[in-house]
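Trainee: Have a look at this one.
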Amino acid sequence: DSGVTQTPKHLITATGQRVTLRCSPRSGDLSVYWYQQSLDQGLQFLIQYYNGEERAKGNILERFSAQQFPDLHSELNLSSLELGDSALYFCASSGEPTDTQYFGPGTRLTVL
Amino acid sequence: DQQVKQNSPSLSVQEGRISILNCDYTNSMFDYFLWYKKYPAEGPTFLISISSIKDKNEDGRFTVFLNKSAKHLSLHIVPSQPGDSAVYFCAASPNFYGGSQGNLIFGKGTKLSVKP
């Protein structure tokens, strides 16, 4: 158990819908990262937050947004969902940006 | 364009023998490399890392070798055990010690099967 929790574990929704994925980092970790793993793909970095502020952006679509709250949990919002958004979404946390990242178990999103 | 490549999607090894997983990268700005292991239905777990100022790092049965001139790194597992069966991801960070934000660039993974 990495100490990073993600909810829900599974999510099935329809095209055009909006969903929110939630992540609670390890106790004391200030950095949160979001990654997407599509079928047969490696993990693609989406976005990073540090102590409530956006620090880095990767290949995140404009339909996607994230935020980190004062209690340090983070949410990833996916809107106008398309079939191609079906993937595993992982959250990771670390103390400082250069510390080891610890990953949560992921949320499997299926868009029908 | 993939900056981190793991060209072998799968590898099968006999228990007790050596497992060698390979990874190539294209970006010379990468200065920190990591290996993660992933079991089904779990998130990736950190295994071992190496800084670009080193060419070898060892942790128990796991050793990572870095060849900067060839832009190549490898993970050696000796001896391999059935519990090592998992997907192994190579990852790299650009400008890690220069204040990189810490986001990692991953390869697509190699599925290792260790047969008893």
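Trainee: Which one of B:Asn27, B:Cys90, B:Val114 has its Cα pushed farthest toward the positive end of the charge dipole of chain B, where Lys and Arg give +1 and Asp and Glu give -1 at the Cβ?
Mentor: Going by the Cα projections, it comes out as B:Val114.
Trainee: Please give me the summed charge of the neighbours of A:Asn51: other residues whose Cβ is under 12 Å from its Cβ, Lys and Arg +1, Asp and Glu -1.
Mentor: Result for the neighbourhood of A:Asn51: -4.
Trainee: Then there is this: Tell me, what is the percent relative contact order of chain A, built from C-alpha pairs under 8 Å that lie six or more residues apart? If you can, show how the numbers build up before the last one.
Mentor: Details: 289 pairs, mean separation 42.0, N = 112.
Averaging sequence separation for qualifying contacts and normalising by length gives 37 percent for chain A.
Trainee: Provide the descending list of Cα extents for segment A:56-110 along its principal axes, expressed in whole angstroms.
Mentor: That gives 34, 21, 21 Å along the principal axes, largest extent first.
Trainee: Here's another thing I want to ask about it. If you take every residue apart from A:Ser31 with its C-beta less than 13 Å away from the C-beta of A:Ser31, what net charge results, scoring Lys and Arg +1 and Asp and Glu -1? Write down the numbers at each step before the final one.
Mentor: Numbers: positive: A:Arg26, A:Arg55; negative: A:Asp29, A:Glu53, A:Glu54, A:Glu96, A:Asp99.
My count for the surroundings of A:Ser31 gives -3.
Trainee: Arrange B:Arg61, A:Arg55 by Cβ neighbour counts within 10 Å, fewest through most, would you? Let's see the in-between values first.
Mentor: Numbers: B:Arg61 14, A:Arg55 17.
Going from sparsest to densest Cβ surroundings: B:Arg61, A:Arg55.
Trainee: Using only C-alpha positions, report the orientation-averaged shadow area of the convex hull of segment B:1-48, nm², one decimal.
Mentor: Numbers: hull surface 19.3 nm².
Over all viewing directions, segment B:1-48 projects a mean Cα-hull area of 4.8 nm².
Trainee: Shifting gears a bit: Convex hull over the alpha-carbon atoms of the protein assembly as shown: what's its volume per residue in Å³? Walk me through the numbers before you get to the answer.
Mentor: Working: hull volume 27.6 nm³, N = 228.
About 121 Å³ per residue, rounded to a whole number.
Trainee: Take the Cα radius of gyration of chain A and divide it by 2.2 N^0.38 Å, with N its residue count; two decimals is plenty.
Mentor: Details: Rg = 13.0 Å, N = 112, 2.2 N^0.38 = 13.2 Å.
That ratio works out to 0.99.
Trainee: What are the equivalent ellipsoid semi-axes of chain B, built from the alpha-carbon gyration tensor (square roots of five times its eigenvalues), in whole angstrom, biggest first?
Mentor: Details: eigenvalues 112, 42, 32 Å².
Taking √(5λ) for each eigenvalue gives 24, 14, 13 Å, largest first.
Trainee: Moving on. Near the amide H of B:Asp31, under 5 Å away, which other amide H atoms are found, from residues 5 or more places off or on another chain, if H is placed in the peptide plane?
Mentor: Amide H to amide H, under 5 Å and 5 or more residues apart or across chains, B:Asp31 pairs with B:Ser93, B:Asn95, B:Phe96.
No lab work stands behind these numbers, since they all come straight from the coordinates. Remember, it's a predicted structure, so these values are computed and weren't measured experimentally. With ideal geometry, Cβ positions are generated from the backbone for all residues, glycine too; neighbour counts draw on all protein chains shown.
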